[in-house]
1. Quick check on the range 60-78: of everything there that is farther than 14 Å from A43 by Cβ and assigned to a helix (DSSP H, G or I), which residue is most open to solvent (accessible area, probe 1.4 Å)?
2. Of a type in the set (K, R) and in contact with an Asp or Glu (Cβ under 9 Å, 6 or more places away or on another chain): which single residue out of R109, R22, R33, R50 fits that description?
3. What are the pairs, 6+ residues apart or on separate chains, where a residue within the range 23-42 that is surrounded by fewer than 17 Cβ atoms within 10 Å (Cβ to Cβ) and assigned to a helix (DSSP H, G or I) has its Cβ under 9 Å from a residue that is modelled with pLDDT of 95 or more and among the β-branched types (V, I, T)?
4. Please verify whether S94 is in contact with a helix residue (DSSP H, G or I) (Cβ under 8 Å, 6 or more places away or on another chain), of a type in the set (S, T, N, Q) and either free of Cβ contacts under 8 Å to residues at least 40 places away in the same chain or open to solvent by 20 Å² or more (accessible area, probe 1.4 Å) (or both), treating the condition exactly as stated.
5. Could you go through the range 68-76 and let me know if any residue there is of a type in the set (D, E, K, R), at pLDDT below 90 and touching a Phe, Trp or Tyr at 6+ places or on another chain (Cβ under 6 Å).
6. Could you please give the count of residues in the range 142-157 that are within 28 Å of V120 (Cβ to Cβ) and surrounded by 13 or more Cβ atoms within 10 Å (Cβ to Cβ)?
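The values are calculated or read from the model by the stated rules, or taken from the named source; none is laboratory data. Nothing here was measured: the structure is a model prediction, and the numbers come from that model. All Cβ positions, glycine included, derive from the backbone under ideal geometry; neighbour counts span all protein chains shown. Quick note on the areas: whole protein, heavy atoms, side chains included, nothing else; ligands and nucleic acids left out. Shrake-Rupley method; radii C 1.70, N 1.55, O 1.52, S 1.80 Å.
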Amino acid sequence: PGRELILNGYWLSQILFYGIYRAFDLIGIVFLRAALLLVPPVAILVFGWRRAPWSPVVVLLSLLCGWAMLAVSGIRPNHLTVACVPLLFILLESVGYAAERQGAGYSLRKAWLLPPFMLVWANLHGGFLAGIAIITLFVLSESVTQAYQKGPLKPVLHLWGIALVSVLATLLRPV
């Protein structure tokens, strides 16, 4: 009975694993595991490559991450969190001042992907709490940057609203 609460929170990952197993048998699970283990090192490589192409540090970090991922055995819902963290960073890279540094101007358009992303993550694994912490730190950073540059307050207030909707979206899960 004590584990029922935990397992109820992973319902979406269980459906995902079962659906892949049902459709593709064990080979589907093997490919899913391979894909989940590749997401973090590839995300590090892509994320770092944008900032410093041909950087040996980026390549080394990606290789070390890939090597560390080899120690992960089996397939469990926590592997989905390991994949969601770098995906969240990639999403946040296209929001706010990060988007402006890339020449897109201060943008909140992609920030509206955060609530559905967090809703799905919250139903995959309890590691979504890390996502809430990352989003909170990101919004705080954007707020400090906006205050330092004495920019308009409206975009930061919109970002706080989107962050709040993202956190509230995580409450839409069975308990």
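1. It comes out as W67.
2. Working: R109 fails: in contact with an Asp or Glu (Cβ under 9 Å, 6 or more places away or on another chain); R22 fails: in contact with an Asp or Glu (Cβ under 9 Å, 6 or more places away or on another chain); R33 fails: in contact with an Asp or Glu (Cβ under 9 Å, 6 or more places away or on another chain).
R50 is the lone residue from the list that is of a type in the set (K, R) and in contact with an Asp or Glu (Cβ under 9 Å, 6 or more places away or on another chain).
3. Within 9 Å, the pairs are G28/I20; I29/I20; F31/I20.
4. Working: in contact with a helix residue (DSSP H, G or I) (Cβ under 8 Å, 6 or more places away or on another chain): yes; of a type in the set (S, T, N, Q): yes; either free of Cβ contacts under 8 Å to residues at least 40 places away in the same chain or open to solvent by 20 Å² or more (accessible area, probe 1.4 Å) (or both): yes.
When the stated conditions are applied, S94 passes them.
5. In the first step, residues of the range 68-76 are kept if they are of a type in the set (D, E, K, R); the result is 76.
If we keep only those that are at pLDDT below 90 as well, we get 76.
Keeping just the survivors that are touching a Phe, Trp or Tyr at 6+ places or on another chain (Cβ under 6 Å) gives none.
Scanning the range 68-76, I find no residue that is of a type in the set (D, E, K, R), at pLDDT below 90 and touching a Phe, Trp or Tyr at 6+ places or on another chain (Cβ under 6 Å), so the answer is no.
6. Step one: of the range 142-157, the residues within 28 Å of V120 (Cβ to Cβ) are 142-143, 155-157.
Among the residues that remain, those that are also surrounded by 13 or more Cβ atoms within 10 Å (Cβ to Cβ) are: 142-143, 155-156.
Residues that pass the stated criteria total 4.
Here is a yes/no grid of residues against (1) touching a Lys or Arg at 6+ places or on another chain (Cβ under 6 Å); (2) over 25 Å from W11 (Cα atoms); (3) surrounded by fewer than 17 Cβ atoms within 10 Å (Cβ to Cβ):
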residue	(1), (2), (3)
A83	no, no, no
A98	no, yes, no
L129	no, no, yes
I132	no, no, yes
